[in-house]
Amino acid sequence: MNDDAVNTIKWIIESIPYGRVATYSQIAELAGLPRRARFVARILSDSDDSDALPWHRVVRADGRIAPRPGADKQATRLRRERVDVIDGRIDLKRYGWNDDRDMLTE
DNA sequence: ATGCTGACTTTTG
DNA sequence: ACAAAAGCCAGCA
């Protein structure tokens, strides 16, 4: 993949609001790269702290935290910003990144 | 080109 | 709800 696509994806991840989560596939979709969820995952995997990405706000399509060494830290970081993580799972209805709902007054 | 890998997703059973 | 299988696609050897 070209660096352009990589940068686009990184930019999208950076724009996930505090206290919300987005899925791998959702990010790929927003980047105009449907069916590239794994590509998004790869970018996160390859990235390091110097990228300063909110990697903890990226979860699986069903709201679960992707299992891997260090996954526990993700739950901690999310809870630190008031995101409920129950049994390794996040309720996307409530915490999923959705611009529509961001505009509503609840 | 070929075959395998994987912070994934969807379909099946 | 859970597990297995199948589908998926960029990257790499």
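What follows is calculated from the coordinates using simple rules that are stated; it is not laboratory data. For clarity, every value in this text was computed on a predicted model and none was experimentally measured. For neighbour counting, all protein chains shown are included, and Cβ atoms are generated from backbone atoms with ideal geometry for every residue, glycine included.
Would you calculate, for chain A, the mean residue ellipticity at 222 nm contributed by helices, counting each DSSP H stretch of 4 or more residues as -39,500 (n - 2.57) and dividing by all residues, to the nearest 500?
-12000 deg cm²/dmol
From the backbone phi of the range A:56-67, what are the Karplus-calculated ³J(HN,Hα) couplings (6.51 cos²θ - 1.76 cosθ + 1.60, θ = phi - 60°) in whole Hz, Gly and Pro given as x?
Running phi through 6.51 cos²θ - 1.76 cosθ + 1.60 with θ = phi - 60° gives 5, 8, 10, 10, 6, 4, 9, x, 8, 7, 4, x Hz.
Projected onto the charge dipole of chain A (+1 at Lys/Arg Cβ, -1 at Asp/Glu Cβ, origin at the Cα centre), which of A:Leu53, A:Ile12, A:Val85 gives the Cα projection farthest towards the positive end?
A:Val85
How much length, in nm to one decimal, is gained on full extension between A:Asp46 and A:Asn2, taken as 0.36 nm per residue of separation minus their Cα-Cα distance?
Length gained, A:Asp46 through A:Asn2: 14.3 nm.
HN-Hα J couplings of the range A:68-85 from phi, Karplus 6.51/-1.76/1.60, θ = phi - 60°, integer Hz, Gly and Pro as x?
Working through the residues one at a time gives 4, x, x, 4, 4, 5, 5, 4, 4, 5, 5, 4, 4, 10, 6, 9, 6, 10 Hz.
Please say if the range A:3-93 is rounded, prolate or oblate, where rounded means a/c under 1.5 for a ≥ b ≥ c the square roots of the C-alpha gyration tensor eigenvalues, and otherwise the choice is prolate for a/b larger than b/c and oblate otherwise?
Prolate, because a/c is 1.5 or more and a/b exceeds b/c.
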